[in-house]
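S.K.: Starting off with a structure, shown below.
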Amino acid sequence: MTTIDPPASEPPGPPLSAPARARRAFRRWRRTRPFWAATWTALGGFVIFFLPMAPLGRILQVGVGGIAGMAGGVVIMAMALLVLALPSQRHTAGTIAVIAGVASFPLSNLGGLFVGMGLSVLGGAMAFGWLPEKPARRGGGLLRRRPRATDGTPVSPASVGSGSA
């Protein structure tokens, strides 16, 4: 009779419920992308987009200023989605989110009364600075240190390579 060990990612014990498995899967997905950067950026874009919202007749009276503010909010929210969908494009999306957030200051009610602008700049900077987790480093590579003998004599290069001389 053979026994099957559970995968290393799941602890031994009773099986997990569906919500617990979903929460664990979401946590694993969230850690592979700049989740909080996208959250702050989207929230800033939301504030910038919806703060100048008024009845359509009022927006048309305001003119280009009201429409430009709403367009800035849409651009910022799109950059938040881009950061989540394509983490490799985080530098471009983060830079555009910061620029659009700062541009919202004169375009949209002082950048969403400073709240939307601040959240957009914070989220864009976090997206730009985010780094994916690096895998565990193995001992190989070109810049590997050569072992030294304990008695002071150098080790021959033939004993250090891949095994073929």
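S.K.: State, to one decimal in nm, how far the label point of THR95 lies from the label point of SER17, with both points 7 Å from Cα in the Cβ direction.
M.R.: Distance between label points: 4.7 nm.
S.K.: How much FRET efficiency would the formula 1/(1 + (r/R0)^6) give for TRP36 and ILE67, where r is the Cβ-Cβ distance and R0 is 22 Å, rounded to 0.05?
M.R.: Numbers: r = 30 Å, r/R0 = 1.37.
Computed FRET efficiency for TRP36 and ILE67 comes out at 0.15.
S.K.: Using each residue's phi in the stretch 27-36, evaluate 6.51 cos²θ - 1.76 cosθ + 1.60 at θ = phi - 60° and report the 3J(HN,Hα) Karplus result to the nearest Hz, with x for Gly and Pro.
M.R.: Going residue by residue, I get 4, 5, 5, 4, 6, 9, 8, x, 5, 5 Hz, with x marking Gly and Pro.
S.K.: Sticking with this structure for a sec: If each residue of separation counts as 0.36 nm, what is the full-extension length gain between ALA25 and LEU131 once their alpha-carbon separation is subtracted?
M.R.: Details: separation 106, 0.36 × 106 = 38.16 nm, distance 2.04 nm.
Extending this stretch completely gives an extra 36.1 nm.
S.K.: Given the whole protein assembly as supplied and a 1.4 Å probe, what does the accessible area of VAL98 come to in Å², nearest 10?
M.R.: Accessible area, nearest 10 Å²: 40 Å².
S.K.: Arranged from highest to lowest average of other beta-carbon atoms within 10 Å per residue, in what order do the peptides 103-109, 26-32 appear?
M.R.: 103-109, 26-32
S.K.: Can I ask one more? Using modelled amide H (1.01 Å from N, peptide plane; none on Pro or chain starts), what sits under 5 Å from the amide H of SER108, excluding residues fewer than 5 places away?
M.R.: none
The values are calculated or read from the model by the stated rules, or taken from the named source; none is laboratory data. The shown structure was predicted, so the numbers you read here are calculated from the model rather than taken from an experiment. Virtual Cβ from ideal backbone geometry, glycine too; neighbours counted across all protein chains shown. Areas reflect the complete protein model, heavy atoms only, side chains present, ligands, DNA and RNA absent. Shrake-Rupley method; radii C 1.70, N 1.55, O 1.52, S 1.80 Å.
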